[in-house]
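The values are calculated or read from the model by the stated rules, or taken from the named source; none is laboratory data. These figures come from a predicted structure and were not determined experimentally. So basically every Cβ, Gly included, is an ideal-geometry build from the backbone, and we count neighbours across all protein chains shown.
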Ligand SMILES: C[S@@+](CC[C@H](N)C(=O)[O-])C[C@H]1O[C@@H](n2cnc3c(N)ncnc32)[C@H](O)[C@@H]1O
């Protein structure tokens, strides 16, 4: 499994390893996560998995998307036999050791690789079952290149799963006010932030996934009334569809055909 943009912890990947994913590769532009935080999170996750604890719900994380139909421990997928192997003490030790000394290229062996900064070409063609991101794809400027790279990594039948936030993230008063800013004004608004939002709407992602040769199988949009009028849209975004204008986030999943 590959995650793009894990940010300040590798928690998603550590949970994936405890769910019996063989190998997790984290790709980020900056190495934000540190060993101390990762080890603390890992130990907490191990305790939660051992206790078959329910998934934290939207009372605990009210802003987290997407909402799930059930927050019960997924005992049907993580059956006792699978968990016994995944949580074997020797395996937990191996993962702990990898957290403090992760591989820094995809070619090395071991359960964990953390590559930051990463460059296209780091992952072999047809070698990955799942490429996942959470609140990361609203940033990269070259989405076309990135989607074609991600689809190339997938094995036939492999899956892309991306939760994408289309909001202006507080940079404008209106949640979708970023689509009313000219490029010059946007650069001023974004100021000295390290990463600029790419401002691409939902339909761009769907189009680029399909162009890259994957088939969209899930598209769960969170809809929110637009807080700007069509007349306020800057020329670059004049052609935004009504659906784009009201999609504040989405979980998009796609499959590379066999
Ligand atoms: C808002 S943070 C989200 C972090 C984490 N996924 C979470 O949900 O808390 C966005 C992350 O995406 C990363 N990012 C931005 N552009 C990226 C790219 N081209 N490739 C990989 N990661 C990227 C940023 O460095 C940052 O870690």
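Loosely packed, with under 12 Cβ neighbours inside 10 Å, farther than 30 Å from residue 225 by Cβ and out of contact with any helix residue (DSSP H, G or I) (no Cβ under 9 Å at 6 or more places or on another chain), is that true of residue 187?
Numbers: loosely packed, with under 12 Cβ neighbours inside 10 Å: yes; farther than 30 Å from residue 225 by Cβ: no; out of contact with any helix residue (DSSP H, G or I) (no Cβ under 9 Å at 6 or more places or on another chain): yes.
So residue 187 does not fit the description; no.
Return the residues of the stretch 230-258 that are in a loop (DSSP other than H, G, I, E, B), out of contact with any strand residue (DSSP E or B) (no Cβ under 7 Å at 6 or more places or on another chain) and surrounded by 14 or more Cβ atoms within 10 Å (Cβ to Cβ); say none if nothing qualifies. Break it down into steps so the answer makes sense when it comes.
Initially, the stretch 230-258 is screened for residues in a loop (DSSP other than H, G, I, E, B), giving 233-234, 238-241, 246, 256-258.
Cutting the leftovers down to out of contact with any strand residue (DSSP E or B) (no Cβ under 7 Å at 6 or more places or on another chain) gives us 233-234, 238-241.
Listed by number, the residues that qualify are 233, 234, 240.
Filter the stretch 205-223 down to the residues that are out of contact with any helix residue (DSSP H, G or I) (no Cβ under 6 Å at 6 or more places or on another chain) and within 15 Å of the ligand (Cβ to nearest atom) and list them by number.
205
Going by what's in this entry, would residue 227 be described as surrounded by 14 or more Cβ atoms within 10 Å (Cβ to Cβ), part of a loop (DSSP other than H, G, I, E, B) and modelled with pLDDT under 95?
So residue 227 does not fit the description; no.
Are there any pairs with C-beta distances below 6 angstrom linking a residue in the stretch 114-135 that is within 30 Å of residue 222 (Cα to Cα) and assigned to a loop (DSSP other than H, G, I, E, B) to a residue that is more than 11 Å from the ligand (Cβ to nearest atom) and at pLDDT below 95, with the two at least 6 apart or on different chains, and if so which?
Final answer for the pair search is none.
List the helices (runs of 4 or more DSSP H) that sit entirely inside the stretch 1-95 and contain at least 2 residues that are surrounded by 12 or more Cβ atoms within 10 Å (Cβ to Cβ), within 16 Å of the ligand (Cβ to nearest atom) and at pLDDT 95 or above.
Working: elements: 11-18, 35-50, 80-86.
Counting at least 2 such residues, we get 11-18, 35-50.
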